[in-house]
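Peer 1: Have a look at this one.
No value in this document is a laboratory result; all are computed from the given coordinates. In this text, all values refer to a predicted model and were calculated from it rather than measured experimentally. Note that we place each Cβ from the backbone using ideal geometry, even for glycine, and neighbour counts take in every protein chain shown.
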Amino acid sequence: MRAALLPLFAGAILAISLPARADRLPVPADAPASFKAECGGCHLPFPPALLTAPDWKRVMARLDKHYGDNASLDEKTRRELEDFLVRNAAGNGRMAGQGDPPRLTASAWFQREHRKVPASLWRDARVKSASNCSACHSRAEQGSYRGREIALPELREKH
Ligand code: HEC
Ligand code: HEC
């Protein structure tokens, strides 16, 4: 009886201790239709779990000054998206963004997961920016970030 429960516990502990190693970051099921439409037009609709709630509030408070772009929305949509992002935000401080507005690509978590990526590659013509997830993660649109799906051959060799 106890032995049968052991793998279950082991699985639960693993799930708690390893959230930052997740290679699946799908868009949460409770996403409003406006999420992909309004936050996926200029870049990938970033997984809400990659920034903390205070970060998302800061992003959503200044959509008119959005990393050099204007991403303003009507108040109803803005509020709906802020609620969704905050609801699904990271609780883990390692996901705290840096900058104003905060960048998820500057979090301690992102930097660690990408420590093997040479600095020059972030500016490579095929990549252009660290926020261009799909340039390297061929199935990022599907929420999948597995090592074997890395698109750049020189990065694939590294593991
Ligand atoms: C009009 C185009 C546009 C729209 C619409 C837009 N963004 Fe952005 N977003 C940008 C640009 C440009 C950047 C900066 C990209 C870079 O520097 O690599 C950016 C960057 C970001 C970043 C930081 C990524 C990083 O580098 O860590 C976040 C987070 C973000 N956007 C969230 C959102 C959310 C949430 C929405 C929907 C409410 C949204 N964006 C809609 C253009 C847009
Ligand atoms: C220059 C290429 C590049 C870009 C751009 C990039 N990544 Fe990565 N990413 C990698 C590499 C290489 C790894 C390590 C893969 C491995 O060894 O498993 C990685 C690892 C990851 C992992 C961990 C996967 C796991 O197995 O646990 C996640 C999650 C991830 N990236 C998300 C993102 C997101 C989200 C973005 C965009 C905001 C992004 N990456 C942009 C190259 C990139």
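Peer 1: Excluding residues on the same chain fewer than 8 positions from K57, give the aspartates and glutamates whose Cα lies under 17 Å from its Cα.
Peer 2: The qualifying aspartates and glutamates are E38, D74, E75, E80, E82, D83, D100.
Peer 1: Using r as the Cβ-Cβ distance of D100 and K36, and R0 as 30 Å, what FRET efficiency do you calculate, to the nearest 0.05? List each step's numbers first, then the result.
Peer 2: Numbers: r = 26 Å, r/R0 = 0.86.
The formula returns an efficiency of 0.70 here.
Peer 1: Could you give the length gained on full extension between R139 and A61, defined as 0.36 nm per residue of separation minus the Cα-Cα distance, in nm?
Peer 2: In short, 25.1 nm is gained.
Peer 1: Only four residue types carry charge here, +1 at the Cβ of Lys and Arg and -1 at the Cβ of Asp and Glu. Report the dipole size of segment 23-156 about the Cα centre in Debye, rounded to the nearest 20. Please report the intermediate quantities before stating the final value.
Peer 2: Numbers: 22 positive and 17 negative charges, 109 e Å.
With only Lys, Arg, Asp and Glu charged at Cβ, the dipole is about 520 debye.
Peer 1: Considering only A89, A33, S129, whose Cα is most displaced toward the positive end of the charge dipole of segment 23-156, charges sitting on Cβ of Lys, Arg (+1) and Asp, Glu (-1)?
Peer 2: S129
Peer 1: For every other residue with a beta carbon closer than 10 angstrom to the beta carbon of P32, add +1 if it is Lys or Arg and -1 if Asp or Glu, then tell me the sum. Show your work: numbers first, answer last.
Peer 2: Details: positive: K36; negative: D30, E38, E80, D83.
Charge balance near P32 sits at -3.
Peer 1: Okay, next question. Under 8 Å for C-alpha pairs, at least 6 residues apart: give me the relative contact order for segment 23-156, rounded to a whole percent. Before the final figure, lay out each step's value.
Peer 2: Numbers: 156 pairs, mean separation 35.3, N = 134.
26 percent.
Peer 1: If you don't mind, another one. Label H114 and A29 with points 7 Å out from Cα along Cα→Cβ: what is the distance between them in nm?
Peer 2: According to this spin-label approximation, the distance is 3.1 nm.
Peer 1: Could you put H43, H137 in order, starting from the residue whose Cβ has the fewest other Cβ atoms within 10 Å? It would help to have the intermediate numbers written out before the result.
Peer 2: Numbers: H43 14, H137 22.
By the 10 Å Cβ count, ascending: H43, H137.
Peer 1: Also: All other residues with a Cβ under 10 Å from the Cβ of E149 taken together, and with Lys, Arg as +1 and Asp, Glu as -1, what is their net charge?
Peer 2: +3
Peer 1: Label N92 and R123 with points 7 Å out from Cα along Cα→Cβ: what is the distance between them in nm?
Peer 2: Simple spin-label model gives 3.0 nm for this pair.
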